[in-house]
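No lab work stands behind these numbers, since they all come straight from the coordinates. No experiment lies behind these values; they were computed from the predicted model shown. Note that we place each Cβ from the backbone using ideal geometry, even for glycine, and neighbour counts take in every protein chain shown.
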Amino acid sequence: MININKIDLELNNSSLAINNAVESPREISLSSTWCNIVPVNSPYDLSEKYQDICQNHHDDNKWILMINPENNSLEQLSSMGKINPEKILRVNANKVNVSLEHIKNTLLKGTCSAMILSDTNYNEAQLREISRCAALGKTHCILLQKTDSQQTKQLH
């Protein structure tokens, strides 16, 4: 059987073992170099976060994937010339199935330089798993979370 995964596996006495050439982190903190939760205080703050992420994670050979982005902020930044919309993929979770498994698989593929998740709710175990997949796929995962004050303002 041919293994098409990125991890090189060795067949050893009928058991599979991860080759030492690939280091897989066993425990990754919730705020690691590959996965971070970033608070967002206002629509202006959100625009600044988008701009920073797009500039810091720009890679000519990879996409920046945004799940549930605020389209007005992106369009404004694009029209001002502050971001390059050609390397941004936008996904609306209302139109496409964006399950935790899809997120993990995308992170593991490593085809994106960064994945931005907006207004998601994951428990600690799920966040650890997302962080682990981000590190293995070398894809930065940024979870943008509105602060309580912004959520309160939007309810009124």
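Which shape class, rounded, prolate or oblate, goes with the range 35-146 when its Cα gyration tensor gives a ≥ b ≥ c as root eigenvalues, a/c under 1.5 marks rounded, and past that a/b bigger than b/c marks prolate? If you can, show how the numbers build up before the last one.
On the way: a/c = 1.68, a/b = 1.34, b/c = 1.25.
Cα axes put the range 35-146 in the prolate bin.
Which one of Asn71, Asn36, Thr139 has its Cα pushed farthest toward the positive end of the charge dipole of the range 35-146, where Lys and Arg give +1 and Asp and Glu give -1 at the Cβ?
Thr139
What is the gain in length, in nm to one decimal, between Thr33 and Ser99 on full extension, counting 0.36 nm per residue of separation less the C-alpha to C-alpha distance?
On the way: separation 66, 0.36 × 66 = 23.76 nm, distance 2.31 nm.
Difference between extended and current length: 21.4 nm.
Take peptides 94-102, 112-120 and line them up by average Cβ neighbours within 10 Å, highest first, as a rough protection proxy.
Numbers: 94-102: 10.3, 112-120: 21.1.
Highest-to-lowest ranking by the protection proxy: 112-120, 94-102.
Can you compute the label reach from Asp52? Point 7 Å from Cα along the Cβ direction, backbone N cut-off under 15 Å, restricted to the range 73-94.
No residue passes the distance filter.
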